[in-house]
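What follows is a set of notes on a single structure, which appears directly below.
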Ligand code: TRH
């Protein structure tokens, strides 16, 4: 067994859709560099999209260092000497030339998508010897038997500080980040009919046309405030990851989606409604139910019913005023429950640390 410490890591990110792939790769790259003192090179296939998540990125450069991470274009992988660890993300496939140059010194790990399904523990940390070198599979997850969740050491404490800074108003603060196929108009209607004032913050995304249509507008601009009955909508810019974390921590309810914002909502410690990434054969619904079963296992029946109902309506059907109001009526239970569950999850070893330990043990 080698006692060599794997210091140099190459992370490969192919942007398939939206911001989840790069959001996760960028977060993880920085954490490995800052908290584990590793030399991280991040290879990205689309710098233009990546620049939404890494705002100081210069799309003209083949390589550049930002926040202690060396960022490369995908093509540059052809010319580099492979590192100690090649971290492929979401089965994006390593560039052929890089793979050919790997030889026996590089350990190849594929980081999989997050799921709360029970099979994850079984598949986590398995290897396939069909390839040369062997390919190891690392599955994030919610239990100790999995690869864990991405969590910077101080994020949970930070969000609690942000929560405490929150101003007291009698309006309920909501953030909204979702896929455009969600029943957005239904939700806005239900919010407008709420028995309390709602301030809903919408970071700019592909849902803006739906919000414009709801208010009979052709376009809406960043900074717009739109109102209907008890609902005030605030259109804010697409935020930096840090500012988005702060928004989540300062809200009473967060609508999140995909993978990364979902986990951030947990660390914000606030009630949240998760819309999984749409998959064929209703795989996303299975994924949703597995998560609800795990996360709300100890929640009282009454609140649990409200939580399942709103998620099911948001993901597969229509939100009605009743479903929304029912959720609001149980918020006094959901709020402490979520905070408590998040603080429990925050005691587990985080994904980056588990990756490092995994590599040491190989
Ligand atoms: O963008 P997404 O839909 O990403 C998805 C999922 O990861 C999905 O599992 C995957 O299959 C698909 O990509 C390819 O949602 P997600 O995962 O929440 O990523 C959004 C990122 O954007 C996340 O890092 C948070 C960040 N973000 C900001 O930085 N500022 C913002 O204002 C907002 C709303 C999000």
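Across the stretch 132-144, the number of residues qualifying as in contact with a helix residue (DSSP H, G or I) (Cβ under 6 Å, 6 or more places away or on another chain) and over 15 Å from residue 346 (Cα atoms) comes to 1. Read through the list (1) under 30 Å from residue 67 (Cα atoms); (2) touching a residue at least 40 places away in the same chain (Cβ under 8 Å); (3) within 12 Å of the ligand (Cβ to nearest atom), then give the number of the only condition that residue 269 fails. Looking at each condition in turn, residue 269 falls short on (3).
Among residues of the stretch 50-69 being surrounded by fewer than 18 Cβ atoms within 10 Å (Cβ to Cβ) and not in a loop (DSSP other than H, G, I, E, B), the one that is nearest to the ligand (Cβ to nearest atom) is 52.
Looking only at residues in the stretch 272-290 that are over 17 Å from residue 340 (Cα atoms) and in contact with a strand residue (DSSP E or B) (Cβ under 9 Å, 6 or more places away or on another chain), the one that is nearest to the ligand (Cβ to nearest atom) is 277. Taking the criterion of being assigned to a helix (DSSP H, G or I) and either over 16 Å from residue 14 (Cβ atoms) or out of contact with any strand residue (DSSP E or B) (no Cβ under 9 Å at 6 or more places or on another chain) (or both), the residues of the stretch 26-49 that qualify are 27, 30, 31, 32, 33, 34, 35, 36, 48, 49.
Kindly indicate which of 169, 153, 163 is more than 18 Å from the chain's Cα centre (by Cα), assigned to a loop (DSSP other than H, G, I, E, B) and surrounded by fewer than 20 Cβ atoms within 10 Å (Cβ to Cβ). From the options 169, 153, 163, the qualifying one is 169. With respect to the conditions (1) over 20 Å from the mean Cα position of the chain (by Cα); (2) surrounded by 16 or more Cβ atoms within 10 Å (Cβ to Cβ); (3) outside any loop (DSSP other than H, G, I, E, B), residue 125 lacks only one, and its number is (3).
All of the numbers you see were taken from the coordinates with simple rules; none came from a lab. As the structure is a prediction and not an experimental result, all values here were calculated from the model. FYI the Cβ positions are ideal-geometry reconstructions off the backbone, even for glycines, and counts take in every protein chain you see.
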